[in-house]
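Visitor: Before I ask anything, let me first share the structure, which is written out below as structure tokens.
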Amino acid sequence: MGERDFVRGDDRLERLLRRPGMAEAVEALDAEGDELDRVHAMSLAMVREAGKRTQAEIAHELGISQGAVSQMERREDMLLSTLRSYITATGAQNPRIIVTVNGHDVELAI
């Protein structure tokens, strides 16, 4: 591959985005990812709100900053032990995960 054949990554990206519908497809995927992140964050925040707890109260109980709790609520994934600590700090009791396998609910303690 000669120097003339080299295509910079930014140039290739620009060419791809000029294809009909490509920019819109990328934008839709970005929006979908943002929505999935928002739904995840809402679900953790909703657990906290159901327990009538503030981020500051959760932070105090966990021994972390309020900002760390905010980041935790926006996090895409976390260790089960971290999730259990967070959920327990909201006042939830007996935290568990329920999955359906072959039509049967299986309960996992966390």
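Visitor: Scale the Cα Rg of segment 59-110 by the rule-of-thumb value 2.2 N^0.38 Å and send over the ratio, two decimals.
Guide: Ratio of Rg to 2.2 N^0.38 Å for segment 59-110: 1.35.
Visitor: On to the next question. How many nm is it between the label spots at Ser65 and Asn102, if each spot is 7 Å from the Cα in line with the beta carbon?
Guide: 5.0 nm
Visitor: Hey, any idea what % of the chain's accessible area is carbon plus sulfur with a 1.4 Å probe?
Guide: 53 percent
Visitor: With each pseudo-label sitting 7 Å past Cα toward Cβ, what's the Arg19-Asp5 distance in nm, one decimal?
Guide: For Arg19 paired with Asp5, the spin-label model returns 2.1 nm.
Visitor: OK, next. Hand me the GluC sites (Glu not before Pro) from segment 7-110 located in a DSSP loop with no more than 14 other Cβ atoms within 10 Å, in residue order please.
Guide: Sparse-neighbourhood loop GluC sites (Glu not before Pro): Glu76.
Visitor: Taking 0.36 nm per residue of separation and subtracting the Cα-Cα distance, what length does fully extending Lys52 through Thr88 add?
Guide: 11.7 nm
Visitor: Under the definition of Cα pairs under 8 Å and six or more residues apart, what whole-number percent is the relative contact order of the chain?
Guide: Reported relative contact order: 19 percent.
Visitor: Which of the helices in the chain meet the span-like rule: DSSP H, Cα axial reach of 27 Å or more, Kyte-Doolittle mean at least 0.0?
Guide: 22-50
Visitor: Could you check how many percent of all C-alpha pairs in the chain are farther apart than 24 Å?
Guide: 50 percent
Visitor: For the chain, what is the charge dipole size about the Cα centre, in debye to the nearest 20, if Lys and Arg each add +1 at the Cβ and Asp and Glu each add -1 at the Cβ?
Guide: It comes to approximately 260 debye.
The values are calculated or read from the model by the stated rules, or taken from the named source; none is laboratory data. Note that the coordinates shown come from a computational prediction; the quantities given were computed from them, not determined experimentally. Positions of Cβ are backbone-derived with ideal geometry, glycine not excepted, and every protein chain shown enters the neighbour counts. All accessible areas refer to the heavy atoms of the entire protein, side chains included, with ligands and DNA or RNA removed. Shrake-Rupley method; radii C 1.70, N 1.55, O 1.52, S 1.80 Å.
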